[in-house]
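Heads up, the thing below is written out as structure tokens.
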């Protein structure tokens, strides 16, 4: 883990901030008062495979019951916000949810169609309006039903869900949709997260000086601790504890996917899960008689974006955007890394957790803080754009059950660790009014070279495997003498084997004009 100086300013001295318990509270302070979750397991009967919008409506009803007032709280909603669903691609999912709940005329909002950062971003934006006195109650929800779609196709079942309307527009949309990568990345078949995050992972390994085996055990041990949390989570899709060796070693049940990741080091999108949150002002919570033991204050939020294209980022082993968000959150709350006790870092792949932990000054091997409250996207489940809603719900529950005054953190990201949203939460009122920060992030890019014959230094790589475990192709990022980055691909078996060994990164490779390469003799 990097030193905190100078990134965390005054926190570099190593002092521990004691969270001040504030006796009184601002009536406009945004408070999470209700959370609801639903996991529809693989043994669910076909007749019970309800549409994603019904799943969202169900978890909002559960969240209203969790808060206490139930229907009375739902009727106070001024905004109904939703993360979009992969399995039901409607452009305004909240509108359908509102219809099911009988909330006619409530303004709808949604996050980006490609955005795991969306749920936390929704919380940040809506909390800001509550703090400003512009909004009393907001409902936030999301659901995924990829498992239902898969089951129906395999079984020939007609689900009978209403047809989605992709072109339907919500009253308000946060962020525009944008492709996740560049033409140069697509040209070497870096077209999805399972290709991008291994490149980040191996860049982290090279920067640390660890061997392939050392890095593999590091991330497998991290994921083993995540699986332990999932094993105790009643909403987890795979509530099973795995040892580090079970996760690190390829097997029939844990095939190689993309070096260095096996299947159980990847997010699992084949799930049916939903989560909902109810956010309101402290004044409304008081007026409705919601017990204080249900209140979790939203202390501060932050959102920022790294250089958009992975291949253009100056460094692949760190996130400047998460660093900037962390600095803004720490300064606003007068807290530091050691003050955060209930933490859920977005965990689609180990690299995402490593980037965030490093940027925020959090150790990844502290048994008292496993950096997840759900169990992570492999074991808890990775429900498309909506995982972070579950992460926030889990942090909220953990804070309710923890010591008075504890602080919690939830992070969320989209695309290839590209866009980020973070929030700090606590059961005690914040010392400062809530604010959400959008810190500036250096957008200086590293130029990507056109394919040409040249020698270069191997910077990072991955190998993509077929389902039978045989290598399909390798992706290479390499640095030219002038600092430009070159992208290349290989299908040569001996080259792909070399890419998975110690000593390949940092070695000289020979690039060709067709985006191919070979190790130099």
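The values are calculated or read from the model by the stated rules, or taken from the named source; none is laboratory data. Predicted, not measured: the structure shown is a model, and the values here were computed from it. Cβ: placed from backbone, ideal geometry, glycine included. Neighbour counts: every protein chain shown.
Of the residues contained in region 248-256, one or more are found to be in contact (Cβ under 8 Å) with a residue 24 or more places away in the chain and surrounded by fewer than 21 Cβ atoms within 10 Å (Cβ to Cβ). Among the residues of region 448-458, is any at pLDDT 95 or above and more than 30 Å from residue 519 (Cβ to Cβ)? No, region 448-458 contains no residue that is at pLDDT 95 or above and more than 30 Å from residue 519 (Cβ to Cβ). Taking strands (runs of 3 or more DSSP E) as the structural unit, those lying wholly within region 242-305 and holding at least 3 residues that are at pLDDT 95 or above, within 26 Å of residue 418 (Cα to Cα) and not assigned by TED's automatic domain parsing to the domain that holds residue 39 correspond to 256-258.
Residue 207 fulfils the conditions (1) out of contact with any helix residue (DSSP H, G or I) (no Cβ under 8 Å at 6 or more places or on another chain); (2) outside the structural domain of residue 382 (by TED's automatic domain parsing); (3) surrounded by 24 or more Cβ atoms within 10 Å (Cβ to Cβ) except for a single criterion, (3).
Taking the condition touching a helix residue (DSSP H, G or I) at 6+ places or on another chain (Cβ under 9 Å), at pLDDT 95 or above and farther than 17 Å from residue 200 by Cβ, does residue 507 pass? It is true that residue 507 is touching a helix residue (DSSP H, G or I) at 6+ places or on another chain (Cβ under 9 Å), at pLDDT 95 or above and farther than 17 Å from residue 200 by Cβ.
Here residue 503 meets the list (1) on the phi < 0 side of the Ramachandran plot; (2) part of a loop (DSSP other than H, G, I, E, B); (3) under 32 Å from the mean Cα position of the chain (by Cα); (4) free of Cβ contacts under 8 Å to residues at least 24 places away in the same chain almost entirely, failing just condition (1). Taking region 407-466 and the strands (runs of 3 or more DSSP E) fully enclosed by it, the elements with 1 or more residues that are outside the structural domain of residue 320 (by TED's automatic domain parsing) and over 19 Å from residue 119 (Cα atoms) are at 454-465. Only one of the listed residues (106, 123, 146, 97) is under 23 Å from residue 299 (Cα atoms) and touching a helix residue (DSSP H, G or I) at 6+ places or on another chain (Cβ under 9 Å). That residue is 123. Only a single criterion out of (1) surrounded by fewer than 23 Cβ atoms within 10 Å (Cβ to Cβ); (2) part of a loop (DSSP other than H, G, I, E, B); (3) at pLDDT 95 or above is not satisfied by residue 237, namely (1).
The condition of being touching a strand residue (DSSP E or B) at 6+ places or on another chain (Cβ under 8 Å), modelled with pLDDT under 95 and surrounded by 14 or more Cβ atoms within 10 Å (Cβ to Cβ) holds for only one of 142, 115, that being 115.
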